[in-house]
């Protein structure tokens, strides 16, 4: 129990200061229909619905981290003691894929955070209530998916999630899943759709620009408005990281959006921020720039900031590089799988994938695609060789950059040759144990969970004989590359039975970019069996390092 007198004494503040702080806290809580109450017997407590409490915790403590979805799991893990967030994410991914429910990155992380809070709060003895309207027959898919998720969570966590939690998760899936069809829509969605068409009619009448038949625009706006209106109702402020770029490069489109959409009856009672107008304008910018795709280099676009931003990046790519790129698909990070990557020549991503290794060129760009981004994409069309590196980098008497990188990140303590290892698990167990011995800051469970999560998206076996397992996030203080050579080959999975070289990429928590150079530099080894055979035949680490430098230079 927490008593206000104790807080005042521990913080060494006056009673008036404490009262002012409580008033400020209640202002923040009030947006979520919560309040801070004080009892002489029970102490201070937050009063209100359980779901509102979780909503507040998620937005207040985790929103900033959730903006960078790939880096969020470590933050969420601080909530849990019985099950890792990676395991929750795998369960949610698995069941949503089976049910063909499509969720974007932010929604996926929101659900994982929601479940994490539920598990912890149930463990601490809090009860869960559900008093919202939900048509279980109409949203049977969402309900049965939530039911399967809860059954698996009960087994994995040994916490008896109540039946109400199925309804809570189903409500998340109902509200957040992407709408691919609007044939059967509820009355609220129908009204929003009518309002959007009213705005587009005004745009056509005043400017001559016809966007009425753009189904991508209309569906995108429908997806956008539900959470947009929810934020306005709760007075939740959302910061737009590309606001300045939009104001600088697309100010006319931004003003057009504000002028026409502000006339919607849905928005008349709200003070819409410039950040929110900018988010809405992305849909209009994308519609205005949309062009027809032709046969080009097959490109996968990855974007985590919503359908409007995704379409914005897509049309910018088509507009600037239309003669070179064929945008096959626009997806969120959590939709990556082997099937999606099949036939893809290039990945263009607006989120940081520097910790993730693919056997496909990856270019990280801004949503608005500036000149530097276009230059990077053009450079990626060239043949994949060891990257050209800056001439002004000085490395302790080493003239060769690659030689320096190999000496820095490859270690005899993380090197192993074996003719007795038979499976992936044996190889990873050895590398994980050696990694922990070399860097005590590495958490074994976190590293193992991260390796499982990465492989759940797509294979890490990049040729018949080479596997490159790696976590999605930094795991230790020092970046490293672990090596296991298995000349007789090991069974990695059903499709890969002869893996002879395993390279474990271990990024550090600070995001050291040099390790990304190493990942790109080893691509010739993956693609050239002669190079591989030379490396597999070595007798010790010294010979391995010497041959690796020679082959790659």
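The values are calculated or read from the model by the stated rules, or taken from the named source; none is laboratory data. What you are looking at is a predicted structure, and each value in this text was computed from that prediction instead of being measured. When we count neighbours, we look across all protein chains shown, and the Cβ atoms used for this are built from the backbone with ideal geometry, even at glycine.
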Practice item. State the number of residues belonging to segment 316-352 that are under 20 Å from residue 242 (Cβ atoms), touching a strand residue (DSSP E or B) at 6+ places or on another chain (Cβ under 9 Å) and assigned to a helix (DSSP H, G or I). Key: 4
**Study point:** Top-ranked residue of segment 290-324 - restricted to ones that are modelled with pLDDT under 80 and under 18 Å from the mean Cα position of the chain (by Cα), ranked as farthest from residue 278 (Cα to Cα)
**Key:** 304
Point to revise | Lone unmet requirement of (1) free of Cβ contacts under 8 Å to residues at least 24 places away in the same chain; (2) not in a loop (DSSP other than H, G, I, E, B) for residue 440 | key: (2)
Revision key, fill the gap. Those residues of segment 28-44 that are in contact (Cβ under 8 Å) with a residue 24 or more places away in the chain and either part of a helix (DSSP H, G or I) or within 37 Å of the chain's Cα centre (by Cα) (or both) come to a total of 5
Practice item. Can you confirm whether segment 14-22 contains a residue that is modelled with pLDDT of 75 or more, touching a strand residue (DSSP E or B) at 6+ places or on another chain (Cβ under 8 Å), outside the structural domain of residue 351 (by TED's automatic domain parsing) and in a loop (DSSP other than H, G, I, E, B)? Key: no
Review point. Has segment 467-474 got at least one residue that is at pLDDT below 90, in contact with a strand residue (DSSP E or B) (Cβ under 6 Å, 6 or more places away or on another chain) and closer than 30 Å to residue 91 by Cβ?
Key: yes
Point to revise | Top-ranked residue in segment 510-522 [being modelled with pLDDT under 75 and over 16 Å from residue 410 (Cβ atoms); ranked as surrounded by the fewest Cβ atoms within 10 Å (Cβ to Cβ)] | key: 513
**Study point:** Odd one out for residue 25, checked against (1) modelled with pLDDT under 85; (2) surrounded by 14 or more Cβ atoms within 10 Å (Cβ to Cβ); (3) assigned to a helix (DSSP H, G or I)
**Key:** (1)
Exercise for review: Return only the number of the condition from (1) in contact (Cβ under 8 Å) with a residue 40 or more places away in the chain; (2) over 20 Å from residue 354 (Cβ atoms); (3) part of a loop (DSSP other than H, G, I, E, B); (4) within 28 Å of the chain's Cα centre (by Cα) that residue 470 does not satisfy.
Suggested key: (2)
Check your understanding: For segment 443-467, what are the residues that are under 24 Å from the mean Cα position of the chain (by Cα) and in a strand (DSSP E or B)?
Key -> 461, 467
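Let's see how each residue does on (1) in the same structural domain as residue 226 (by TED's automatic domain parsing); (2) surrounded by 14 or more Cβ atoms within 10 Å (Cβ to Cβ); (3) modelled with pLDDT of 75 or more:
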position	(1), (2), (3)
90	no, yes, yes
95	no, yes, yes
104	no, yes, no
129	no, no, no
Study note, to complete from the structure: Exactly one of 484, 505, 526 is touching a residue at least 12 places away in the same chain (Cβ under 8 Å), under 32 Å from the mean Cα position of the chain (by Cα), surrounded by 14 or more Cβ atoms within 10 Å (Cβ to Cβ) and over 14 Å from residue 411 (Cβ atoms), and that residue is 526
Exercise for review: Using the structure shown, decide if residue 452 is surrounded by fewer than 16 Cβ atoms within 10 Å (Cβ to Cβ) and assigned by TED's automatic domain parsing to the domain that holds residue 505.
Suggested key: no
Review point. When residues of segment 1-21 are filtered for being surrounded by fewer than 15 Cβ atoms within 10 Å (Cβ to Cβ), in contact (Cβ under 8 Å) with a residue 12 or more places away in the chain and either touching a helix residue (DSSP H, G or I) at 6+ places or on another chain (Cβ under 9 Å) or within 24 Å of residue 237 (Cβ to Cβ) (or both), how many remain?
Key: 0
Review point. Looking only at segment 260-286, which residues are out of contact with any helix residue (DSSP H, G or I) (no Cβ under 9 Å at 6 or more places or on another chain) and at pLDDT below 90?
Key: 268
